[in-house]
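Participant: This structure is in structure tokens; I'll ask about it shortly.
The values are calculated or read from the model by the stated rules, or taken from the named source; none is laboratory data. A quick note: this is a predicted structure, and the numbers were derived from the prediction, not measured. For neighbour counting, all protein chains shown are included, and Cβ atoms are generated from backbone atoms with ideal geometry for every residue, glycine included. Side chains included, ligands, DNA and RNA excluded: accessible areas come from the protein's heavy atoms. Shrake-Rupley method; radii C 1.70, N 1.55, O 1.52, S 1.80 Å.
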Amino acid sequence: MNEAVAVQPRKFWMRWRVRTGYPVAMLYLLLATPTNHWIALGGGIAGLGLIIRAIAAGHLRKDRELATTGPYARTRNPLYLGSLFLAIGFAIAGHSWWAGGLVLVYFGVFYYAVMRNEEADLRARFGVIYDQYAARVPLFLPNFFDSGHVAPADIAPERAFSWAQYRRNREYKALIGAIAGLAVVWLRMWLHQHYGY
């Protein structure tokens, strides 16, 4: 397979993940039957996802080096693991099997493909270093029963968690987006309670 052909699937999944996300969100809101209880419960789980993403973003130096410290020592995709908790949180907040199922199917289809595409990019970029890392660390679900990726004992301070790196990766946008999303779910509940929508 030549490089031009390989790039096409990557572009396809990245492009359609965003384009499909908007109608999925609209359909989710139409199907959702949220209550204060379920919004609070879902919001707590989404909050856990935000924490996971924040920790991962504080270790990620995009386009500079392969991230292998912090949560990257246990899973190769901690950002997407955090996104899964966000998706589960919104699925619960919507208080509807149909709405929740829709969100989780969307996540499963698109994020698995995106993870595989990014894995191919990293393998092409870092070669054997990535192969050695991937042999020790699972693609998605973290492994807490193995030693994981062992970083050197004299790890440089700049490879530890950094709030500056968190901001540089603009991970605060996920926090803003989650708050805005939960506010829209709450508004959906309020409109239904007061106007029957």
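Participant: Go through region 66-79 and give me each residue that's in a helix (DSSP H, G or I) and open to solvent by 20 Å² or more (accessible area, probe 1.4 Å).
Facilitator: Correct list: GLY70, PRO71, LEU79.
Participant: Can you tell me which residue among GLY108, GLY82, GLY89 is open to solvent by 30 Å² or more (accessible area, probe 1.4 Å) and under 13 Å from the mean Cα position of the chain (by Cα)?
Facilitator: Result of the check over GLY108, GLY82, GLY89: GLY108.
Participant: If I ask for residues that are free of Cβ contacts under 8 Å to residues at least 40 places away in the same chain and closer than 18 Å to ASP131 by Cβ, which ones from region 66-102 would you list?
Facilitator: Hit for region 66-102 is ALA67, nothing else.
Participant: Return yes or no: is ALA164 part of a helix (DSSP H, G or I), open to solvent by less than 90 Å² (accessible area, probe 1.4 Å) and at pLDDT below 95?
Facilitator: yes
Participant: A further question follows. Give the residues of region 1-50 that are modelled with pLDDT of 95 or more, closer than 30 Å to ALA124 by Cα and out of contact with any Ser or Thr (no Cβ under 8 Å at 6 or more places or on another chain), sorted by residue number.
Facilitator: If the condition is that a residue be modelled with pLDDT of 95 or more, closer than 30 Å to ALA124 by Cα and out of contact with any Ser or Thr (no Cβ under 8 Å at 6 or more places or on another chain), then LEU50 is the only one that fits.
Participant: Now for a separate question. Which pairs turn up if I take residues in region 127-142 that are open to solvent by less than 90 Å² (accessible area, probe 1.4 Å) and look for partners that are among the β-branched types (Val, Ile, Thr) and outside any helix (DSSP H, G or I) with beta carbon separation below 8 Å, at least 6 apart in sequence or on another chain?
Facilitator: Between residues of region 127-142 that are open to solvent by less than 90 Å² (accessible area, probe 1.4 Å) and residues that are among the β-branched types (Val, Ile, Thr) and outside any helix (DSSP H, G or I), the close pairs are TYR133/THR68; VAL137/THR68; VAL137/THR75; PRO138/THR75; LEU139/THR75; PHE140/THR75; PRO142/THR75.
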